[in-house]
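To start, the structure itself, in structure tokens.
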Ligand SMILES: NC(=O)c1ccc[n+]([C@@H]2O[C@H](COP(=O)([O-])OP(=O)(O)OC[C@H]3O[C@@H](n4cnc5c(N)ncnc54)[C@H](O)[C@@H]3O)[C@@H](O)[C@H]2O)c1
């Protein structure tokens with residue numbers, strides 16, 4: 001990143017999971033963070049917690065706002081508030097939010113229900129349309145921002161290894177995650193040539209986030225709570241992923257002024273494994 005420069009960062013889905021971990025990571029490091037999320041309970045909890053993440057001497061500001069990313073008017077209002085809060089400047093946009101749960105999720109595509117199409121609409125809206133609209137609306141802010149030396153603000157889209165590796169009955173999720181890779185590539189060319197704005201994607205594999213939620217804060221459980229030795233051994237890297245692994249990839253992309261339109265896979269090597277029929 002630009003030396004010790006304090007950044008202004010917008011993170012979607014920052015009330016829980018990977019987004020919350022990124023929120024804490026960057027606020028602790030002295031950067032200002034604006035978080036959007038639709039989960040009221042997690043948002044209220046994170047608002048009570050975030051101030052404890054800041055060091056006493058930090059000048060960083062943070063804000064966590066309710067925003068349903070399925071709603072374009074909500075997104076427009078949120079970006080206007082980001083503009084006011086950050087004095088017209090944004091250094092990093094992280095499109096992280098995704099509807100990871102839902103009534104229609106995980107149903108076979110032959111399922112004859114409205115719920116399965118509602119799930120499709122939601123995942124495409126949150127995981128693909130919202131990053132596109134946010135990217136468009138944030139261009140004026142990112143143009144005056146700064147990431148790597150000599151580079152204006154930057155966009156990082158959180159995709160998934162499921163863009164390339166399928167599991168039964170996850171068509172909507174996979175389509176959104178593959179779609180955001182095409183969006184990343186296309187935006188990197190358009191916004192790069194016009195404004196030098198870099199756009200990259202991070203593809204997480206299995207990142208264990210059960211500790212990144214209000215319910216877990218009340219317990220003393222470590223980040224690896226609930227994982228087995230088999231879970232760890234399944235990964236060539238010897239363990240399941242954690243939020244810090246994603247934060248490191250995001251930091252690399254923020255600070256790398258010659259990297260754009262790229263896909264950084266953070267999956268402990270699972271995507272490189274040959275899979276044979278089970279005995
Ligand atoms: N955890 C993993 O193993 C993993 C693996 C690959 C990719 N990812 C990706 O990483 C990102 C974060 O995943 P996570 O595991 O932390 O999930 P999570 O469900 O814990 O967090 C997602 C956040 O997005 C928010 N969100 C959902 N719908 C929204 C909406 N309509 N408006 C605003 N906010 C909304 C949720 O409230 C939640 O806070 C997602 O894009 C996910 O697809 C995660």
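Laboratory data are not the source of any read-out in this text; all were calculated from the coordinates shown. Just so we're clear, the structure is a prediction, and the values are computed from it rather than from any experiment. With ideal geometry, Cβ positions are generated from the backbone for all residues, glycine too; neighbour counts draw on all protein chains shown.
Considering every Cα-Cα pair within the chain, what fraction, in whole percent, is farther apart than 31 Å?
24 percent
What are the radius of gyration and Dmax of segment 57-113, computed over its Cα atoms and given in Å?
17.0, 57
If I histogram all Cα-Cα distances within segment 91-202 using bins 10 Å wide from 0, what percent of pairs lands in each bin?
Result, from short to long distances: 15, 42, 25, 13, 4, 0 percent.
Going by C-beta contacts inside 10 Å, put 113, 58 in order with the fewest on the left.
Final ranking by Cβ density, sparse to dense: 113, 58.
Using a Gaussian network model of the chain with C-alpha springs under 10 Å, which one of 131, 204, 236 is most mobile by mean-square fluctuation?
Between 131, 204, 236, it is 236 that shows the largest mean-square fluctuation.
Report the residue, chosen from 182, 241, 21, that carries the largest GNM mean-square fluctuation when the chain is represented by alpha-carbon nodes joined by springs under 10 Å.
182
How far is helix 17-28 tilted off the main Cα axis of the chain, in degrees rounded to 10, range 0 to 90?
30 degrees
Does segment 36-80 come out rounded, prolate or oblate by the C-alpha gyration tensor, with a ≥ b ≥ c the root eigenvalues, rounded set by a/c under 1.5 and, if not, prolate when a/b is larger than b/c and oblate if not?
Oblate.
Counting only Cα, what are the radius of gyration and maximum Cα-Cα distance Dmax of segment 232-273, in Å?
When restricted to Cα atoms, segment 232-273 yields Rg and Dmax of 12.0, 35 Å.
Between segment 13-69 and segment 214-279, how far is it from one alpha carbon centroid to the other, in angstrom?
Going from one Cα centre to the other spans 21 Å.
Would you kindly calculate the mean projected area, averaged across all directions, of the convex hull enclosing the Cα atoms of segment 1-89, in square nanometres?
5.8 nm²
So how compact is segment 120-279: Cα radius of gyration and Dmax in angstrom?
In Å, with Rg to one decimal and Dmax whole: 17.5, 58.
Could you identify which residue out of 217, 112, 37 has the top mean-square fluctuation in a GNM of the chain using Cα springs shorter than 10 Å?
112
Over all pairs of distinct alpha carbons, what does the Kirkwood formula give as the hydrodynamic radius of segment 107-170, in Å?
14.5 Å
If you build the Cα gyration tensor of segment 145-224 and take the root of 5 times each eigenvalue, what three semi-axes come out, in whole angstrom, biggest first?
Sorted largest first and rounded, they come to 30, 21, 8 Å.
Can you list, largest first and rounded to whole Å, the semi-axes you get for segment 189-279 by taking the square root of 5 times each eigenvalue of its Cα gyration tensor?
For segment 189-279, the semi-axes come out at 31, 21, 9 Å.
What nm distance separates the two modelled labels at residue 48 and residue 84, each placed 7 Å from Cα along Cα→Cβ?
2.7 nm
Calculate, in nm to one decimal, what residue 77 and residue 273 gain on full extension: separation in residues at 0.36 nm each, minus their alpha carbon distance.
Answer, rounded to one decimal: 66.1 nm.
Helix 40-50 versus the longest principal axis of the chain: what angle, 0 to 90°, nearest 10, using Cα atoms?
Taking Cα atoms only, the helix is inclined about 50 degrees.
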